[in-house]
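Below you'll find the structure, written out as structure tokens, and then a few comments.
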Amino acid sequence: MKKILITGGAGFLGSSLANKLLEKKGVFVVIADNLSTGTTGNISKLSKSRLEFVNCDANDYQDISEVFSAHQFDYVFHYAAVVGVKRTLAHPLEVLKDVEGIQNVLSLAKNTGVKRVFYSSSSEVYGEPVVMPQNEKTTPLNARLPYAVVKNMGEVYFKAYKQEFGLDYTILRFFNTYGSHQSKDFVVSKFIELSLAGKDITVYDDGKQSRTFCYVDDNAEATYNALFENKFVNDTVNIGSDSETSILELAELVIKLTKSKSKIIHLPPLKEGDMTRRQPDIAKMMTLVDRPLTSLEVGLKKTIKDFK
């Protein structure tokens, strides 16, 4: 029986990964989450026979060390983090505390014989776009915001633990994943909720900022295969779609698909945190997903159905 720990596993991405991992026989998943942003509702429908939930804080060494002591984990996915643009901008000190969680997880993984640790990094480490598409090896990392700096620092820690102690890692740089159970703090969920309620949708500035949107099933499948196909060990992988969509186009598409009467309202631009473009180089990811990625329209239809 392979034992796998997911910190932050009651969150959107963590719970989706847990669901995917439990499809494989011989896997036991432990979810450690302090429920600051995740919810037990996200994991309530998962098979309980091979799943354990522990309410704990990865940033608290005593808390998370007890989880490691109670199990002999083969693999660890460190997903616990403060997330959401507004939340991370409003609470930078909370974001900086996540460095402690990174250190805790790596130290405990190293000392308990974990085979590989996976780290949920972010497209935010790239900062403002310099090279498009954004490649894991050649695109400069020029992030300045606390959230992005912490993610970048986390990547450095993972590489350092490999160099110093031989602990294998995989860094996953996530680009705007969406789907059911996602927090309303994120743009797709927010737009769908407002649209279904017939309320106005707000976009910043002219709405021409572009993003690429990755359906959650594609994210989970790529991550699952990185583990079980033993790929990208001690490497970094962009996980996302390479199809750019402006925020204004996203709002218009959500309104169309929900057949809503919502109007789009333009607000002044954000002072910081709203990058002009995002587009990953996904050549590596496509070796993990042997099929076309889910189109934005198809993914939105599935997500809207779940919201309803």
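Quick note: the coordinates plus some simple rules give every number you see, no bench work behind them. Keep in mind the model is a prediction, meaning the values are calculated, not measured. Virtual Cβ from ideal backbone geometry, glycine too; neighbours counted across all protein chains shown.
Output the pairs from Lys45/Lys301; Lys190/Lys301; Lys231/Lys305 with a Cα-Cα distance over 25 Å in this structure; if there are none, say none. Intermediate results must be reported in sequence, preceding the final value.
Values: Lys45/Lys301 22 Å; Lys190/Lys301 15 Å; Lys231/Lys305 34 Å.
Where the Cα-Cα span goes over 25 Å, the pairs concerned are Lys231/Lys305.
To the nearest whole percent, what portion of all C-alpha pairs in the range 65-154 is separated by more than 23 angstrom? Percent of Cα pairs beyond 23 Å in the range 65-154: 35. Taking amide H positions as modeled 1.01 Å from N, with prolines and chain starts lacking one, the residues under 5 Å from Gly127 and 5 or more places away or on another chain are Asn142, Ala143. Estimated from the Cβ-Cβ distance and a Förster radius of 22 angstrom, the FRET efficiency linking Glu100 and Lys2 is about 0.20.
Alpha-carbon geometry of the range 44-103: the Rg and the Dmax are 13.9, 39 Å, given in that order.
Using alpha carbons only, how many angstrom separate the centre of the range 78-104 from the centre of the range 147-226? Going from one Cα centre to the other spans 14 Å.
Backbone geometry of the range 16-33 corresponds, through the Karplus equation with coefficients 6.51, -1.76 and 1.60 at θ = phi - 60°, to 3J(HN,Hα) couplings of 5, 5, 4, 4, 5, 4, 6, 5, 8, 5, x, 10, 10, 10, 10, 9, 10, 7 Hz, x marking Gly and Pro. Here's the picture: charge each Lys and Arg Cβ at +1 and each Asp and Glu Cβ at -1 in the chain, and of Val131, Val237, Gln62 the one pushed furthest to the positive end of that dipole is Val237. Note on the range 180-308: with charges restricted to the Cβ of Lys and Arg (+1) and Asp and Glu (-1), its dipole about the Cα centre is near 600 debye.
Using +1 on the beta carbon of Lys and Arg, -1 on that of Asp and Glu, and nothing else charged, what's the dipole of the chain about the Cα centre, debye to 20? Can you show the working numbers first?
Details: 39 positive and 37 negative charges, 158 e Å.
So the dipole magnitude of the chain works out to roughly 760 debye.
Each of His266, His78, His71 was scored by other Cβ atoms within 10 Å of its Cβ. Arranged with the fewest first, they read His266, His71, His78.
The C-alpha atoms of the range 135-212 occupy a region whose extents along the principal axes are 55, 28, 21 Å, arranged from largest to smallest. Around the amide H of Ser122, modelled in the peptide plane, lie the amide H atoms of Phe174, all under 5 Å away and 5 or more residues distant in sequence or on another chain.
Can you give the Kirkwood hydrodynamic radius for the range 175-244, in Å, rounded to one decimal and based on Cα pairs? The Cα-based Kirkwood calculation yields 14.2 Å. Evaluated at q = 0.09, 0.10, 0.13, 0.14 Å⁻¹, the base-10 log of the normalised Debye intensity for the chain, with identical point scatterers placed on the Cα atoms, takes the values -0.43, -0.53, -0.92, -1.08.
Compared with the dominant Cα axis of the chain, that is its longest principal axis, helix 61-70 is turned about 60°. Projecting the Cα atoms of Phe228, Ala81, His181 onto the charge dipole of the chain, computed from C-beta unit charges around the Cα centre, puts His181 farthest toward the positive end. Run through the DSSP bridge list for the chain and note the antiparallel percent, rounded to the nearest 5. About 5 percent, rounded to the nearest 5.
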